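Data block below; observations after.
The values are calculated or read from the model by the stated rules, or taken from the named source; none is laboratory data. Note that the structure is predicted; figures quoted are calculated from it, not measured. A quick note on method: Cβ atoms are made from the backbone with ideal geometry, for glycine too, and the neighbour counts reach across all protein chains shown.
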């Protein structure tokens, strides 16, 4: 839960032109998770709200997210810092990937280590693009 800054991702058409991307997760009273994504496009804030459902109750690492019913996407947490300072979200088809951090900047050594691990998991890191942050 909480606020996460997108550090890098595989570019997606639904994020075209985005910078300063942030995702905020909060628990709803029905046990589902509210997902509030925001970014700047041409200097204006763009927001999208969705709902996530935990699919793996043992680890809470596999979620299904919907921004537009009836379409859903698989969001799997594939890497997570022990202190929750970063998380990596991917899709089992390896076409989607987001590196998220609690802060808008990430230590370069931590970033490099994450990239090496996602590469070892079969993700094509040549598709990974660093997200422009806001000052």
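Yes or no, residue by residue, for (1) more than 19 Å from residue 62 (Cα to Cα); (2) surrounded by fewer than 18 Cβ atoms within 10 Å (Cβ to Cβ):
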position: 81; (1), (2): no, yes
position: 87; (1), (2): no, no
position: 90; (1), (2): no, no
position: 100; (1), (2): no, no
position: 103; (1), (2): yes, yes
position: 107; (1), (2): yes, yes
position: 118; (1), (2): no, no
position: 122; (1), (2): no, yes
position: 131; (1), (2): yes, no
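Please work out if residue 109 is closer than 25 Å to residue 17 by Cβ, modelled with pLDDT of 95 or more and more than 15 Å from the chain's Cα centre (by Cα).
So residue 109 does not fit the description; no.
Let me confirm something: among 21, 38, 26, which residue is surrounded by fewer than 14 Cβ atoms within 10 Å (Cβ to Cβ) and under 17 Å from residue 100 (Cβ atoms)?
Result: 26 is the single residue among 21, 38, 26 that is surrounded by fewer than 14 Cβ atoms within 10 Å (Cβ to Cβ) and under 17 Å from residue 100 (Cβ atoms).
With the structure loaded, tell me whether residue 54 is out of contact with any strand residue (DSSP E or B) (no Cβ under 6 Å at 6 or more places or on another chain), at pLDDT below 95 and surrounded by fewer than 16 Cβ atoms within 10 Å (Cβ to Cβ) or whether it fails that test.
no
Residues that are in contact (Cβ under 8 Å) with a residue 60 or more places away in the chain and under 17 Å from residue 128 (Cβ atoms): list the strands (runs of 3 or more DSSP E) wholly contained in the stretch 1-117 that include at least 1 such residues.
Fully inside the stretch 1-117 and qualifying: 2-9, 19-27, 86-90, 97-101.
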